[in-house]
Amino acid sequence: MHPGGFVRVSGDRLRLVEADGSPYYFCGANCYYLLTRAADPATRHECTAVLDDAAAAGITVLRTWAFADGEQWSALQTRPGVYEERTFQALDWVIAEAGWRGLRLLLNLTNYWKDYGGMRQYVQWAYQARGQQPPIDGSGQVAAEPFYTDPDCQRMFKANMAAVVRRVNSLTGVRYSDDPAILAWGLANEPRGDRACTVVPFWADAMARHLKSLDPHHLVTLDVEGFLGPSTPDEAARSNPYNCAGSGCDFAADCGSPAIDFACAHMYPDLWLPQADDQERLHFALCWVDCHVALARRLGKPLVLSEWGKQRSVGGEAAATGGSPRAAFYAQVLGRSVQHMQAGGLAGTAVWMMAAPSYPDHDRFTVYLSSRQPGGSSVAGGGGGSQAGPAPQPRPGERTAAVIRQHAATVAMLNGRPEIANGQMPYLAQPLVSGPSAGSIGGAGLGSGGAAPHHHLPLPAVGGGHGQVVHSGSGGRGRFCYCYCCCPQM
């Protein structure tokens with residue numbers, strides 16, 4: 001069981017705090033597979049590795065799934081209200097092991113996408129129980145949208161929430177609702193709704209209130225992608241990566257319920273801006289973070305960047321020499337995150353995704369924080385033998401992993417010494433300055449200590465003021481203008 005108490009929102013609504021009122025910022029990571037792979041003895045070692053590596057790296061929060069619906073491998077809920085005890089015991093194990101390591105979990109309860117069942121499985125169950133064919137969406141899958149309003153879907157989902165939060169851990173004897181190893185419940189992963197963007201906010205408010213009636217101790221959030229909608233038309237026009245009108249997402253409305261304790265946003269510039277270069281994607285990313293922190297402050301909620309990442313370059317980070325665009329991107333975004341933590345508004349980040357050394361990098365987003373290669377050899381090398389072999393090469397992503405570890409150390413310092421300011425962060429190679437160097441994205445190398453040189457602009461002032469703007473000199477918005485408030489859409 002986690003040694004701390006329940007995390008809560010601060011009185012000024014800008015931060016998360018521990019039970020004793022001390023600040024709680026976090027450096028986190030995603031590992032969606034903990035539940036299902038822990039349920040299989042053949043793959044549980046990949047969960048142990050993630051928990052060990054996270055704790056060793058200074059990661060303090062892991063975001064993962066607390067659902068697996070339908071007839072599938074390691075399913076949790078095989079039919080409505082019917083649970084596989086072996087898989088529930090695996091979730092018991094994940095929570096207990098996380099708590100014993102001082103980690104906390106952000107547990108999502110369902111998914112908009114078809115993976116692991118989620119909303120579409122509830123729709124299929126509801127329609128089949130009525131002898132009806134479920135509606136099909138444009139991609140040929142069971143549609144998710146009926147989930148939000150179908151009475152049978154909502155009855156089943158409420159029953160599932162009750163079964164999960166009231167579960168008594170078979171290893172610790174502690175009810176989930178009483179376990180501080182759980183940071184928060186996420187109602188759903190990346191929910192999308194109707195074009196009017198009204199169904200998700202209504203559903204989220206009702207479900208958040210119901211969940212709080214079952215579990216008054218834990219924070220509740222809605223894990224949205226963060227696309228901006230009709231409630232903030234100016235920000236939507238300036239900050240969305242593309243025309244998101246058909247997504248059914250409206251960040252401010254979706255997260256606006258008083259029963260939602262903190263807002264979430266995701267960020268994938270590589271996927272959302274496929275034609276952009278690395279500099280443009282970085283510009284977008286920093287604007288995206290700034291915009292969502294400002295909107296969350298307007299809502300009176302801290303923000304968590306709960307899913308984000310950059311794909312590694314094929315053959316890029318695998319080389320022992322040369323620049324690391326992904327590490328440089330991470331350094332910039334995490335540096336900006338620290339600024340927002342200090343100013344109030346950002347509670348934490350969770351990179352997509354962290355995995356065990358033996359788990360494949362399916363989408364090039366995976367970060368490996370282990371110090372050991374899949375075969376068991378140490379990345380650092382240097383055994384005690386008298387005859388030294390060839391120097392080991394860094395594994396793919398090691399530069400990025402170094403940036404994450406150093407960010408985790410910075411966040412730990414913020415939690416213990418909130419007065420740290422003025423750019424004196426352990427992973428910064430130099431103090432904060434007024435703007436980025438033109439070559440900071442494409443070729444920012446790492447020094448011998450693993451620090452990535454990078455620079456930051458001042459934050460936008462609270463209350464609608466603008467941050468410092470660096471223009472290109474051509475009369476238009478410069479590539480490194482980070483003021484989301486006044487820049488035209490990219």
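Quick notes
- Among the residues examined, residue 200 does not qualify as of a type outside the set (S, T, N, Q), closer than 30 Å to residue 288 by Cα and assigned to a strand (DSSP E or B).
Let's see how each residue does on (1) surrounded by fewer than 22 Cβ atoms within 10 Å (Cβ to Cβ); (2) out of contact with any helix residue (DSSP H, G or I) (no Cβ under 8 Å at 6 or more places or on another chain):
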residue	(1), (2)
9	yes, yes
12	yes, yes
28	no, yes
31	no, no
56	yes, yes
84	yes, yes
103	no, no
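- For segment 1-24, taking the residues that are hydroxyl-bearing (Ser, Thr, Tyr) and touching a strand residue (DSSP E or B) at 6+ places or on another chain (Cβ under 6 Å), the one that is farthest from residue 299 (Cα to Cα) is identified as 24.
- Residue in segment 152-164 that is within 20 Å of the chain's Cα centre (by Cα) and without any contact (Cβ under 8 Å) to a residue 40 or more places away in the chain present: no
- Taken together, 52, 92 contain a single residue that is of a type in the set (Asp, Glu) and surrounded by 17 or more Cβ atoms within 10 Å (Cβ to Cβ), which is 92.
- Cross-chain or 6+ apart pairs with Cβ under 7 Å, segment 51-79 first and charged (D, E, K, R), then in a helix (DSSP H, G or I): 69/118; 69/121
- Filter pass, residue 40 being outside any loop (DSSP other than H, G, I, E, B) and at pLDDT 95 or above: no
- Matching residues, segment 267-286, being surrounded by fewer than 22 Cβ atoms within 10 Å (Cβ to Cβ) and either part of a loop (DSSP other than H, G, I, E, B) or touching a strand residue (DSSP E or B) at 6+ places or on another chain (Cβ under 8 Å) (or both): 268, 273, 274, 275, 276, 277
- For the residues 239, 231, 257, the requirement of being of a type in the set (Gly, Ala, Ser), free of Cβ contacts under 8 Å to residues at least 40 places away in the same chain and out of contact with any Lys or Arg (no Cβ under 7 Å at 6 or more places or on another chain) singles out 231.
- Against the conditions (1) of a type outside the set (A, V, I, L, M); (2) in contact with an Asp or Glu (Cβ under 9 Å, 6 or more places away or on another chain); (3) closer than 19 Å to residue 15 by Cα; (4) surrounded by fewer than 24 Cβ atoms within 10 Å (Cβ to Cβ), residue 298 satisfies every one except (2).
- Just one of the numbered conditions (1) at positive phi; (2) in contact with a Cys (Cβ under 8 Å, 6 or more places away or on another chain) is not true of residue 116: (2).
- Residues of segment 326-365 classified as free of Cβ contacts under 8 Å to residues at least 40 places away in the same chain and touching a strand residue (DSSP E or B) at 6+ places or on another chain (Cβ under 9 Å), total: 0
- Residue match in segment 232-244 (condition: touching a strand residue (DSSP E or B) at 6+ places or on another chain (Cβ under 7 Å) and either small (Gly, Ala, Ser) or closer than 20 Å to residue 107 by Cα (or both)): no
- Subset of segment 119-151 (residues that are over 26 Å from the mean Cα position of the chain (by Cα) and of a type in the set (Ser, Thr, Tyr)): 127, 139, 149
- Selection within segment 173-212 - small (Gly, Ala, Ser), surrounded by 24 or more Cβ atoms within 10 Å (Cβ to Cβ) and closer than 24 Å to residue 60 by Cα: 181, 184, 186, 188
- Unique match (being surrounded by fewer than 24 Cβ atoms within 10 Å (Cβ to Cβ) and either hydrophobic (A, V, I, L, M, F, W, C) or within 21 Å of residue 141 (Cβ to Cβ) (or both)) among 76, 109: 109
The values are calculated or read from the model by the stated rules, or taken from the named source; none is laboratory data. Keep in mind the model is a prediction, meaning the values are calculated, not measured. A quick note on method: Cβ atoms are made from the backbone with ideal geometry, for glycine too, and the neighbour counts reach across all protein chains shown.
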